[in-house]
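Below is one structure, written out as C-alpha cells; comments come after it.
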Amino acid sequence: MPHLYRWKEKIQRVIPGADIAMMERNLQRITAPDVLEQNLYLGTSELKDDEGIPSALLSPAQFMEADLRTPKYEDWWAFPVCAYSNVFSGNERAVFEEVRTDKNIRKIILTRGQPVALEGENVIVVPLESPEGQYYLMRAKTVFIKHTPTRNLVYPLSSELHDLINLWHGIPLKRIGYASLDQQTRSSAIAHEHSQCKAVISSSSIDTLAMAAAFYPLTYNDIWPTGLPRNDFILRAFEKLPQDLQQESERLQVALQGKQLVVFMPTFRNGQGKACYHFSASELQVLAKFLIENNAVLGVREHMADRSGSYTAQLSELPMISLAATEYPNPEMLYRAASLLITDYSSCFIDFMLTDKPMISFAYDLDHYAEVERGLFYELEHVFPGPVCRDFTALEQALENSLAPPDALATASYQWKKRTFFDHYDDCNAARLVQRVKQLEY
C-alpha cells in the first residue's frame, strides 16, 4: 500500500480514541526496521531508485511501459515550461516561487530549448525532451500543466499514476475547451484530454462554473477556486518579487525612457495574420498623434500562439516597443507598468482589472468571434470595465478620454465587474494552491 507512513492519521480520523502508541510499539517489536521503513515509505522519495538515467530517449511505447513500473514520489513536483513561448512564467512560475525554498519538495523544471536559471532548495532543471527529462517526469507524482497534457508533456504520461494539476493560463472570457464553438467536432478528443487532469484552478465562484463547463467531464468539485497564482505578482510589493522579475520591470522602465506605456494585447484568432485588424495609413496617424500627445509608447504583445507577428509589423512605425515574451516573459510586469490596456477579447483584461487602471476593448469582429469562431462565456459589454469599440472611430473616441480620471459611476461599475472574476484580492493564490495540493489523498 503506497504512503502507508500516514497510517496514524488515517486511523485517528476513523477511530479518534485509538491507542496509536501501542500499535506503533507493536510494529517496531515484530518488524525489522529496514522492512518497516520500506513498507511505510513505498512510492515516496524516501525510497531510492537504483535504476539509472537511460542513455537514450525512450519511445512512446517504452515510456508507457517504464511509467507503469516506476515509483512515483509524492514530494517530486514537475513544472514543464510553456509549450508555446518556451519560457517559465505565469501560474506555474508563481507556484514554483511559493515552494522554491521548501527543501522537502523536489522541484523539477522541464525546459524547452531556452535556459532557465533559477536556484532554490532541491531544484533540478533539465530539458523536457531528454532522457533526464523522461526520468524525472515519470517519477514526479504532481505535474503542473497550463494547456493540455498532450501539448505540455509530449509523452504518454499515465493520469492514473500522476496528479496532473491544470493551472491554465488565464480567466477565460472566450469559450475554451469543451465549450468552444469551433471545437465541437473534436469534443470527444477534448473530453479525453480533460479527463486526465486531477484538478483545474479558478479565480471565483462564477469562474468555477465557466471552467467546469470548459473542462468537461471534470465536475464542479474538480475545479479549485484558489485564485490564479500569477496574480500574486501583480499585487505583491515590488521588493518582495523574485529578483529576475524586478530586473525585468527595471529593464522595461529603461526602455520606456520616462514615457507612459500603452499595452496592446490582442487575443488569438484561427486565421492569425489574415484575421487581424489592418490599420489604414490615416488610422496609424491617429494612433501616433495620441501617443505623442500623451508622452506614451505603444507596447505590442502578440498572443503566445500567434506566429504571424502581424501587429508588430503594422505598428512598427509608431512610437512603439515590442513586449515579446522572449524579452518580457512575465506579463504581470507589463500590467504593473502600464497606464492603459488595449485588447479585444483576451482574458488579459481580467488580470489587468486588479490594477484598477483604464482599458479599452477594440472588438472590431465581435459578432463573428462570439457567434462563429469561439463564443464567449459572458456578454462583453456586461463584464468589460471600459469602452467596447466596434470600429476604429469608436476606438479613437475612447482614446481621447482614456487617461482622464474616472467619475464615481465608472469607478463603481469597474469594482462591480471585478467582483465577478475575483474572490481573492491578496497575493496568496499560490499559497492556497500549494496547500490544496499537499492535502491530496494518495
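Numbers below:
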{"read-out": "Subset tally (residues that are touching a Phe, Trp or Tyr at 6+ places or on another chain (Cβ under 8 Å) and of a type in the set (Gly, Ala, Ser)) for region 79-117", "value": "1"}
{"read-out": "Subset of region 156-194 [under 20 Å from the mean Cα position of the chain (by Cα), of a type in the set (Ser, Thr, Tyr) and open to solvent by 10 Å² or more (accessible area, probe 1.4 Å)]", "value": "159, 178"}
{"read-out": "Candidate set: region 216-237, residues that are of a type in the set (A, V, I, L, M) and buried (at least 17 other Cβ atoms within 10 Å of the Cβ); chosen: the one farthest from the chain's Cα centre (by Cα)", "value": "218"}
{"read-out": "Filtered residues of region 234-271 (kept if aromatic (Phe, Trp, Tyr) and within 30 Å of residue 375 (Cβ to Cβ))", "value": "264, 268"}
{"read-out": "Segments classed as helices (runs of 4 or more DSSP H), wholly inside region 388-442, with at least 3 members that are at pLDDT 95 or above and under 30 Å from residue 160 (Cα atoms)", "value": "429-438"}
{"read-out": "Residue ranges of helices (runs of 4 or more DSSP H) in region 1-86 with at least 2 members of a type in the set (Lys, Arg) and at pLDDT below 90", "value": "7-14"}
{"read-out": "Test for residue 263: is it in contact with a Gly (Cβ under 8 Å, 6 or more places away or on another chain), modelled with pLDDT of 90 or more and either small (Gly, Ala, Ser) or closer than 20 Å to residue 333 by Cα (or both)", "value": "yes"}
{"read-out": "Residues being touching a helix residue (DSSP H, G or I) at 6+ places or on another chain (Cβ under 6 Å), within 19 Å of residue 416 (Cβ to Cβ) and open to solvent by 30 Å² or more (accessible area, probe 1.4 Å) - total across region 377-397", "value": "3"}
{"read-out": "Residue, modelled with the lowest pLDDT, within region 90-119, restricted to residues that are open to solvent by 10 Å² or more (accessible area, probe 1.4 Å) and polar (S, T, N, Q)", "value": "114"}
{"read-out": "Of all residues making up region 137-175, the number that are aliphatic (A, V, I, L, M) and free of Cβ contacts under 8 Å to residues at least 40 places away in the same chain", "value": "2"}
{"read-out": "Verdict on residue 203 being open to solvent by less than 10 Å² (accessible area, probe 1.4 Å), among the polar types (S, T, N, Q) and at pLDDT below 95", "value": "no"}
{"read-out": "Filtered residue count, region 163-217, keeping only those that are among the charged types (D, E, K, R), within 17 Å of residue 149 (Cα to Cα) and not in a loop (DSSP other than H, G, I, E, B)", "value": "3"}
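The values are calculated or read from the model by the stated rules, or taken from the named source; none is laboratory data. Every value quoted in this text rests on a predicted model; they were computed, and no experiment measured them. Every residue, glycine as well, gets a Cβ built from its backbone with ideal geometry; the counts of neighbours run over all protein chains shown. Protein only, heavy atoms only, side chains kept; ligands, DNA and RNA dropped before computing areas. Shrake-Rupley method; radii C 1.70, N 1.55, O 1.52, S 1.80 Å.
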